[in-house]
Amino acid sequence: MQKYKCDICGYVYDPEAGDPGSGIAPGVSYDDLPDDWTCPVCGAAKDQFSPTD
Amino acid sequence: MHPIEIKPNVYWVGAVDWTTRDFHGYSTYRGTTYNAYLIMDEKITLFDTVKKDKKGELLHRIRNIVEPEKIDYLVVNHVEMDHSGCLPEIMEIVKPEKLFCSTMGRKTLLDHFHREDWPYEVVKPGQDLSLGSKTIQFIETRMLHWPDSMFSYVKEDKLLISSDAFGQHFASSERFDDEVNLNDLMYQAAKYYANILYLYSPLVSKLIASVQEMGLEIDMIAPDHGVIWRDPGRIINAYSEWSSHKARKKALVIYDTMWHSTEMMAKAVADGIQDEGVSVDLLDLTVNHRSEIMASVLDAKAIVLGSPTLNNGLLPRMAGFLMYMRGLKPANKIGAAFGSYGWSGEAVKLMNKVMEEMKFEIVDPGVRVKYVPSHENLKECVELGRRVGKAVTEAV
């Protein structure tokens, strides 16, 4: 699944790992993240992420 | 220097560092200060501490007001070592009832000092804390410039304790903006922005807008470095301009040279830029520090880069500078490149590539000259400069 990188702080959302700290289980794709999900490191909004390798 | 009362019962108790000249690669030829603030109220509260080796200075200033053991609360607005280096020792002496920090502040403090036993009190954005006669409102400012960063606003005094934002690496015997040379001060503030906060410009714009929306009245800004702003409008306006990437009719020719060929080209390019009535600075990387150059990049419209080719790549000083500038994310710039070479000549292509990554508008594929430029080659360089100058004039 496609990873996404935060344009502000560089954090990478990896769907395989999810974001357990925000209640996102492993396996949730970036597209399926809730709209109000924010970067767990810097709080950037979901639309401030770009696809990455 | 004694503690300075900046508002009734609010004291500057920080440390002045007159001798530091290198701040993790940022040249601090005017030194710096590490500011900490003490509020004397029913709950005596210390905001931030100082660099590890300046602990004595901090304690001396606090003792001029109160015995440190009497401090009730500690607030950590920012965990970076220049503000928390002596925190473990201060915690031992003060043994505060509570240590206030942001959510990320707690995590960052744990990752620095590994002390699960400290009395952390995580504050929520916008949360109020009463100290008795004064009320502190905490404002979360993640990534300005670390995840843990926050501001503390003293409502009754309209005083914003702003952590690293609005700071300057500027040692002085005076503590206020209106007591020092304004040009020196604004230069140091711009240099600080360009080297520390530039890449977070979108967040700075957002923060300024949200502070205006909140209707926060600000009478004074007390940052963690440099002097305190009694004229907060001046620095807020400057941050608005810098974060919106507002540029002047100015170009920089930044270069390094092996046997003066690229230097000759740089001068010819600068002549062409000047022909179009655009101000230009010629910045040789051997004599200009990268952090000084970044201060110039802040309001320049065009960046023209020159490097000869060495070992199929860039001269190392240019490579280092490009890596540094790219990380700081300047935006809305016009770019071009030039350089001499002997046989392979990759430098121009490599510099263009980095400028493309930064989304600079490349106005010309660039000029490459074999070994030593001829008169005709230099005319090409003047022409390159003119193209850049024209683009600047059209854009600004």
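The values are calculated or read from the model by the stated rules, or taken from the named source; none is laboratory data. None of the values given here were measured: they were computed from a predicted structure. Every residue, glycine among them, receives a Cβ derived from its backbone with ideal geometry; neighbour counts consider all protein chains shown. For the accessible areas, the whole protein counts, side chains as well, though only heavy atoms, and no ligand, DNA or RNA atoms are used. Shrake-Rupley method; radii C 1.70, N 1.55, O 1.52, S 1.80 Å.
Could you sort B:His2, B:His225 by their accessible area in this structure, using a 1.4 Å probe and putting the largest first? Each step should come with its number before you reach the end.
On the way: B:His2 130, B:His225 0 Å².
Result, largest first: B:His2, B:His225.
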Q.
Looking only at the protein assembly as shown, where both bridge partners belong to it, what percent of the DSSP beta bridges are antiparallel (to the nearest 5)?
A. 50
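Averaged over all directions, how much area does the convex hull of the C-alpha atoms of the protein assembly as shown cover when projected, in nm²? Intermediate values should be presented prior to the final figure.
Values: hull surface 93.7 nm².
The orientation-averaged projected area of the Cα hull of the protein assembly as shown comes to 23.4 nm².
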Q) Can you list the HN-Hα couplings for segment B:371-385, worked out from phi with the Karplus curve (6.51, -1.76, 1.60; θ = phi - 60°), rounded to whole Hz and with x for Gly and Pro? A) 6, 10, x, 8, 4, 5, 4, 5, 4, 4, 5, 4, 4, 4, x
Q: Report in % the part of the accessible area of segment A:5-53 that belongs to carbon and sulfur, leaving out ligands and nucleic acids; probe 1.4 Å.
A: 47
**Q.** Rounded to the nearest 20 debye, dipole of chain B from Cβ charges on Lys, Arg, Asp, Glu
**A.** 940
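Taking 1 over the mean of 1/r across every pair of different Cα atoms in segment B:263-323, what Kirkwood radius in Å do you get? Spell out each step's value before the answer.
Working: mean 1/r = 0.0789 Å⁻¹.
Final number for the Kirkwood radius of segment B:263-323 is 12.7 Å.
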Q | Table column - 3J(HN,Hα) (Hz), segment B:220-234, Karplus curve with 6.51, -1.76, 1.60, x for Gly and Pro | A | 8, 10, 10, x, 8, 9, x, 8, 8, 8, 7, 10, x, x, 4
Q: For segment B:122-135, take each phi angle, set θ = phi - 60°, evaluate the Karplus expression 6.51 cos²θ - 1.76 cosθ + 1.60, and give the result in whole Hz per residue in order, putting x for glycine and proline.
A: 6, 9, 8, x, x, 5, 9, 9, 8, 9, x, 8, 10, 10
(Q) Relative contact order for chain B: what percent, with Cα pairs under 8 Å and sequence separation of 6 or more? (A) 12
Q: Just the number, please: Stokes-Einstein D of chain B in µm²/s, Kirkwood Rh from C-alpha pairs, 20 °C, 1.002 mPa s.
A: 95
Q: Could you pull out every residue, at least 5 positions away or on a different chain, whose amide H is within less than 5 Å of the one on B:Ile362? Hs are placed 1.01 Å off N in the peptide plane, and Pro or chain starts have none.
A: B:Gly335
Q) Percent of alpha carbon pairs in segment B:126-196 separated by more than 14 Å? A) 67
Q. So which lysines pass the test for B:Lys124, namely a Cα distance under 18 Å, with those fewer than 8 places away in the same chain ruled out?
A. B:Lys98, B:Lys107, B:Lys155
Q.
Can you tell me which lysines have their Cα less than 16 Å from the Cα of B:Lys301? Leave out same-chain residues fewer than eight positions away.
A. B:Lys246, B:Lys249, B:Lys250, B:Lys329, B:Lys333, B:Lys359, B:Lys390
Q: For chain B, with a Gaussian network of springs between Cα atoms less than 10 Å apart, report the residue from B:Val79, B:Val94, B:Val13 with the top mean-square fluctuation.
A: B:Val94
**Q.** Accessible-area composition of chain B, carbon plus sulfur, in percent [1.4 Å probe]
**A.** 50
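Ratio to report: Rg/Rh of chain A, with Cα atoms as the point set and Rh obtained by the Kirkwood method; give two decimals. Could you put the intermediate results ahead of the total?
Details: Rg = 9.6 Å, Rh = 10.7 Å.
Ratio of gyration radius to Kirkwood radius: 0.90.
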Q) In debye to the nearest 20, how big a dipole does the protein assembly as shown give about its Cα centre with +1 on each Lys and Arg Cβ and -1 on each Asp and Glu Cβ? A) 1000
Q. Counting only residues 5 or more places away or on other chains, whose amide H sits under 5 Å from the amide H of B:His169 once H atoms are built in the peptide plane?
A. B:Tyr192
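Counting only DSSP beta bridges with both residues in segment B:1-81, tell me the antiparallel percent, nearest 5. Before the final figure, lay out each step's value.
Details: 14 of 17 bridges.
The antiparallel fraction comes to roughly 80 percent.
From the cross-link list B:Lys158/B:Lys206; B:Lys7/B:Lys191; B:Lys134/B:Lys191, which pairs have alpha carbons spaced over 26 Å apart? Don't jump to the answer; show the numbers that get you there.
Values: B:Lys158/B:Lys206 21 Å; B:Lys7/B:Lys191 28 Å; B:Lys134/B:Lys191 34 Å.
Correct reply: B:Lys7/B:Lys191; B:Lys134/B:Lys191.
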Q | Cα-Cα P(r), segment B:252-388, percent of pairs per 10 Å interval | A | 14, 50, 33, 3
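P(r) tail for segment B:202-270, what percent of Cα pairs lie past 19 Å? Present the calculation step by step, with values, prior to reporting the outcome.
Working: 1323 of 2346 pairs.
Value for segment B:202-270 (Cα pairs over 19 Å): 56 percent.
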